[in-house]
Amino acid sequence: MTTQAIVLLVVFLTSLLVLAYPLGTYLAKVGAPGKIKRLGAVAFLESLFYRLAGPKATADMNWKTYAISLLIFNTFGALFVYAIQRWQAWLPLNPQAFGNVSPDSAFNTAVSFVANTNWQGYAGETTMSYLTQMLALTCQNFFSAATGIAVVYAFIRGFSSRGQSTAIGNFWVDITRATLYVLLPLSILFAVLLMAQGVIQNFSAYKEVTLLDPVTYSQAQTNNGEKVLDAQGEPVMEEIKATTQTLAMGPVASQEAIKMLGTNGGGFFNANSAHPFENPTPLSNLFQMLAIFLIPTALCFAFGRMVGDIRQGWAVLGAMTIIFVMMTVVVLVAEQQAHPTLQSLGIDQQASQLQPGGNMEGKEARFGITASALFAAVTTAASCGAVNAMHDSFMPLGGMVPLVLMQLGEVVFGGVGSGLYGMLVFAILAVFISGLMIGRTPEYLGKKIQAYEMKMTSIVILATPTLVLSGTAIAVSVSAGTSSVANPGAHGFSEILYAFTSAANNNGSAFAGISANTPFYNTMLAIAMWFGRFAVIVPILAIAGSLAGKIPAPVSAGTMPTHGGLFITLLIGVALLVGVLNYVPSLALGPIVEHLQLFVAQ
């Protein structure tokens, strides 16, 4: 690793800790009943919503009622997003006169944004109107993130309850408070900060600007949409001299803020956070990485406060941080290496003035190798999926790191809410394994872990790998899946594996090199996204309901501490072994084989 890489990683983690600790205290108050001091105006708006909804809107729920309310709300959200896309040609705020989105693409996008995935098989600036971007996509960014926060609050209440009731809170209250008190104010502040850095926010029509340096390129001649062929059957080419370029406009900063803070991902522009209108400066690049991890990190501190032992939050955060640093070091070192094929051709590897050398292919020149590689680790450790570089162009081992971070279950900081409740499931598994080793009924935070909790834990852990591996197997077995892949061999397999890993783990980033906007992939990935989200949430809530009804066991000499170094080590081991074990054969067929082919061939 270069000195620059070490300094950037230290600055990033230090800044994250400084920002997240006080936010964690605030999040604990949001998750607790009662009003929050000095926020009377927001409290009035909150109470107004409850009065309009009626008394049942704030009544305590058991886990089944909570889950049903959550599923109804998110199903309605998916239908709404789908309808807006299908009718956008007839709706206002469409200065580019975009047509309606195709049914399969609209279906994929609706599920994607509801599931907090934001997988995009389309280019936003050439497909979605301003109204669709704001009313459908940006609003759903808030609601999907709020859903994750609501679920983790319910899960924490299962641990913190005294056993007098099986209630785990109220979904409508949790999602309202998460939106009003957390996501909305943070997004407003972050959007202003982004605009100060140069991110655009307007409703202007797209602008035609004159190029400072005209571009000449060749393209095939056409006649009534058909290519003109010569006597040999080859396309007749003509030179085109471009003197102007169309610049897309739009309300970008508002969507950029919540997509990062809510670990939604996606982008207003197809180039995502590599686009200068979304991510204009190295400072905005750092801000965006901090925003991705901010709430997931703060929720660890909120967890510690809500269960009455801040050390528990530090333990979970410590395990997350250690795994993240290990994985980040791998991708940073991998991308600092010169590509052996280019090196053998004598091509100068001093491709960037920002870095002394390494694999600059697919990186944004404004950020360089280090900031691009760190962004890749951050966005895939969290279930964000926003990218500022082409992951498809990473070195094989560098590209494997984002894959592994997602395959862990997005628990290394993870998504808003989903990262913490995913890691807590691994904590339950860790204490269960330790209990078996010492011959004692396992306990976590005083709650006994028994057969029911382990059955639900097994579903949570196995649901996502089942979706990823079965989806990948189907895609590589049918022509509809393989015909979309541009690269043959191990790299092409990695592209398909990455797509289903990203979808089922609700990440949303893409390896690229795969044309996923087809009926086959739009449908298959939508199925993976929906069940990857809700087939995990429902058993999580079931565990919460079961734990809520249990009376905490008193601490004794035989109680295993779950806040020290031993437990952190055990938690890391369980997360790495159980989280990735299912994927080892597929990783061997993809990035590992590609790495061996690349370096052995030289």
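The table that follows gives values for the structure above.
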{"item": "Which listed residue is under 24 Å from Pro55 (Cα atoms) and either at pLDDT 95 or above or buried (at least 23 other Cβ atoms within 10 Å of the Cβ) (or both), from Ala154, Ala136", "result": "Ala154"}
{"item": "Only one of Gly558, Gly579, Gly590 that is in a loop (DSSP other than H, G, I, E, B), touching a residue at least 40 places away in the same chain (Cβ under 8 Å) and farther than 30 Å from Gly77 by Cα", "result": "Gly558"}
{"item": "Matching residues in segment 533-558 - criterion: being surrounded by fewer than 21 Cβ atoms within 10 Å (Cβ to Cβ) and touching a Ser or Thr at 6+ places or on another chain (Cβ under 6 Å)", "result": "Gly549"}
{"item": "Some residue of segment 248-266 being surrounded by 16 or more Cβ atoms within 10 Å (Cβ to Cβ) and either of a type in the set (D, E, K, R) or more than 30 Å from Lys363 (Cβ to Cβ) (or both)", "result": "yes"}
{"item": "Segment 66-77, subset closer than 19 Å to Ala167 by Cβ and free of Cβ contacts under 8 Å to residues at least 24 places away in the same chain, residue surrounded by the fewest Cβ atoms within 10 Å (Cβ to Cβ)", "result": "Ile72"}
{"item": "Unique residue being surrounded by 15 or more Cβ atoms within 10 Å (Cβ to Cβ), of a type in the set (A, V, I, L, M, F, W, C) and touching a Gly at 6+ places or on another chain (Cβ under 8 Å) when the list is Leu193, Leu183", "result": "Leu183"}
{"item": "Count of residues meeting criterion [among the polar types (S, T, N, Q) and surrounded by fewer than 24 Cβ atoms within 10 Å (Cβ to Cβ)] in segment 496-521", "result": "3"}
{"item": "Single unsatisfied condition, Phe511 versus (1) touching a strand residue (DSSP E or B) at 6+ places or on another chain (Cβ under 9 Å); (2) in contact (Cβ under 8 Å) with a residue 40 or more places away in the chain", "result": "(1)"}
{"item": "Tally, over segment 502-547, of residues that are in contact with a Pro (Cβ under 9 Å, 6 or more places away or on another chain) and either closer than 22 Å to Ala167 by Cα or aromatic (Phe, Trp, Tyr) (or both)", "result": "1"}
{"item": "Matching option when the condition is among the hydroxyl-bearing types (Ser, Thr, Tyr) and more than 23 Å from Ala386 (Cβ to Cβ), among Ser458, Ser494", "result": "Ser458"}
{"item": "Some residue of segment 192-201 being within 14 Å of Val416 (Cβ to Cβ) and within 21 Å of the chain's Cα centre (by Cα)", "result": "no"}
{"item": "Verdict on Thr109 being among the polar types (S, T, N, Q) and within 24 Å of the chain's Cα centre (by Cα)", "result": "yes"}
{"item": "Matching residues, segment 508-530, being of a type in the set (Phe, Trp, Tyr) and closer than 20 Å to Ala78 by Cα", "result": "Phe520, Tyr521, Trp530"}
{"item": "Meets criteria (closer than 30 Å to Asn285 by Cβ, at pLDDT below 90 and not aromatic (Phe, Trp, Tyr)) for Gly265", "result": "yes"}
{"item": "When residues of segment 112-122 are limited to those that are assigned to a helix (DSSP H, G or I) and farther than 12 Å from Thr263 by Cα, the one farthest from the chain's Cα centre (by Cα)", "result": "Val114"}
{"item": "Residues that are crowded, with 20+ Cβ neighbours inside 10 Å and in a loop (DSSP other than H, G, I, E, B), drawn from segment 454-495", "result": "Ser484"}
{"item": "Flag for Ala430 being of a type outside the set (D, E, K, R), under 23 Å from Ser556 (Cβ atoms), buried (at least 24 other Cβ atoms within 10 Å of the Cβ) and out of contact with any Ser or Thr (no Cβ under 7 Å at 6 or more places or on another chain)", "result": "yes"}
{"item": "Selection within segment 237-284 - more than 24 Å from Asp213 (Cα to Cα) and touching a Lys or Arg at 6+ places or on another chain (Cβ under 8 Å)", "result": "Gly265, Gly266, Gly267, Pro282"}
{"item": "Members of segment 36-65 found to be loosely packed, with under 13 Cβ neighbours inside 10 Å and basic (Lys, Arg), listed by number", "result": "Lys37, Arg38, Arg51, Lys56"}
{"item": "One residue from Leu52, Leu39 being in contact (Cβ under 8 Å) with a residue 12 or more places away in the chain and more than 17 Å from Ala150 (Cβ to Cβ)", "result": "Leu39"}
{"item": "Index of the failed condition, Leu317 passing every other in (1) in a helix (DSSP H, G or I); (2) buried (at least 24 other Cβ atoms within 10 Å of the Cβ); (3) in contact (Cβ under 8 Å) with a residue 24 or more places away in the chain", "result": "(3)"}
{"item": "Pair list, Cβ under 9 Å, 6 or more apart: segment 102-123 residue free of Cβ contacts under 8 Å to residues at least 60 places away in the same chain, other residue part of a loop (DSSP other than H, G, I, E, B) and crowded, with 24+ Cβ neighbours inside 10 Å", "result": "Thr109/Val101; Thr109/Asn118; Thr109/Trp119; Thr109/Gln120; Thr109/Met128"}
{"item": "Conditions (1) in a helix (DSSP H, G or I); (2) at pLDDT below 90: number failed by Leu429", "result": "(2)"}
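Rundown of residues vs (1) within 30 Å of Phe73 (Cα to Cα); (2) among the aliphatic types (A, V, I, L, M); (3) not in a helix (DSSP H, G or I), yes/no style:
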site: Gly532; (1), (2), (3): yes, no, no
site: Leu547; (1), (2), (3): yes, yes, no
site: Leu570; (1), (2), (3): no, yes, no
site: Ser586; (1), (2), (3): no, no, no
site: Glu594; (1), (2), (3): no, no, no
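The values are calculated or read from the model by the stated rules, or taken from the named source; none is laboratory data. These figures come from a predicted structure and were not determined experimentally. Counting neighbours? That spans all protein chains shown, and the Cβs are built from the backbone with ideal geometry, glycine included.
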